[in-house]
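This report refers to the structure that appears directly beneath it.
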Amino acid sequence: MGKPFAYTYSIIVATYNRIGELRELVASLEAMDYPSDDFEWVVVDDGSSDGTADYIKELDTDFDIQYHFQQNQGPGAARNRAMAEARGQYFIFLDSDVIVPKNYLQAVNQSVQNERWDAFGGPDDSHPSFPPLLQAINYSMTSFIGTGGTRGRKDSITQFYPRSFNMGIHRKVYEDLGGMNDLRHGQDMDFSARIYRAGYKVGLIPDAVVYHKRRTSFKKFYKQIFNWGVARINLGRAYSEMLKPIHLMPAFLIAVLLVSLGIAIFYPPFLWVVFFMAFGALGVAVFAVVDSYKKTRSLRVAYLSVITLFLQVFAYGLGSWSGLWQWVQGKVRAEGFTKNYYK
């Protein structure tokens, strides 16, 4: 009797005008130390106009590829289309801007077979070949001082939620719960919350690391993090367990700073609060430089890490306040940057 599924794994990627990133992702998939006949690559092109269709159709790889084109509907609809077409027992979601190490599927498979996860995820990291800014952004996004260890760390201070840059589910999860919703930001977290509430076994696979490029400029990084701050408020409104004090800390710090500056204008002795915060920020900056240098051995990355770290806090805090304000105004769903998001 043959296998009940055509493949053990269906690797799912939703893409939109990301042909350059796809080339690097394909190269890393081809280099994996894992049987090429045991996984497929399911690509849903959400309306690209950069030649993605021709590129995919001309590929000659050892693994099977499904390519589906649809008019632009957003990443949720693209991933749902991919799940409907996938032929694997497990679905693995990767963002188009990641590359995987050789042992990626080996690490996933070993953990899934041993632990029988219904849903799982792994960490993201930067590759040594990435430019300094991308390595600095990675430091901000993955260090304990930057995100409180909420992104794929065993010592996270909050519950681990698999995210679509590196996330897997058993087919039965999709069949039971349906697909992702239409949130532009946070849809993967919403999906993870639904998976937890349904009682499925969810696990972190620390060795299943992906190298994540994220954004390539300060402006793009700011927009991305701002939108995540907005998304956190949407998620907190739907799932109370997804809005913890740690998530509101950037918004709180911004409020304290602005209020302190305002009071100090009329009552100068209150400047001591501002000075206290400035010294605290200096301490954080020194720690970030030292910690980032230990991890990257690059002074340039270390100094850039300070900028990305504070930009991250500022953007997330403002995004959170924007989300809260839209909530007070009665909006069903708060929105962040939508036009020219990637510019």
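The values are calculated or read from the model by the stated rules, or taken from the named source; none is laboratory data. Please read these numbers as outputs of a predicted model, since none were measured by experiment. Glycine gets a Cβ as well: all are built from the backbone with ideal geometry, and neighbour counts include every protein chain shown.
Quick look at the values:
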| read-out | value |
| --- | --- |
| Segment 254-265: number of residues that are buried (at least 16 other Cβ atoms within 10 Å of the Cβ) and modelled with pLDDT under 95 | 3 |
| Test for residue 80: is it assigned to a helix (DSSP H, G or I), in contact with a Gly (Cβ under 8 Å, 6 or more places away or on another chain) and in contact (Cβ under 8 Å) with a residue 12 or more places away in the chain | yes |
| Segment 238-253 residues that are outside the structural domain of residue 183 (by TED's automatic domain parsing) and farther than 16 Å from residue 144 by Cβ, paired with ones that are among the aromatic types (Phe, Trp, Tyr) and assigned to a helix (DSSP H, G or I) (beta carbon under 7 Å, 6 or more apart) | 251/321 |
| Search result, residues across segment 32-49 that are surrounded by 13 or more Cβ atoms within 10 Å (Cβ to Cβ) and either part of a helix (DSSP H, G or I) or not β-branched (Val, Ile, Thr) (or both) | 32, 34, 35, 36, 38, 39, 40, 41, 45, 46, 47, 48 |
| Counted residues, segment 175-200 - those being farther than 19 Å from residue 82 by Cα and in contact with a Phe, Trp or Tyr (Cβ under 6 Å, 6 or more places away or on another chain) | 1 |
| Qualifying positions in segment 184-238 - charged (D, E, K, R), over 19 Å from residue 117 (Cα atoms) and touching a helix residue (DSSP H, G or I) at 6+ places or on another chain (Cβ under 7 Å) | 213, 214, 215, 232, 237 |
| Which listed residue is assigned to a helix (DSSP H, G or I) and in contact (Cβ under 8 Å) with a residue 24 or more places away in the chain, from 271, 304 | 304 |
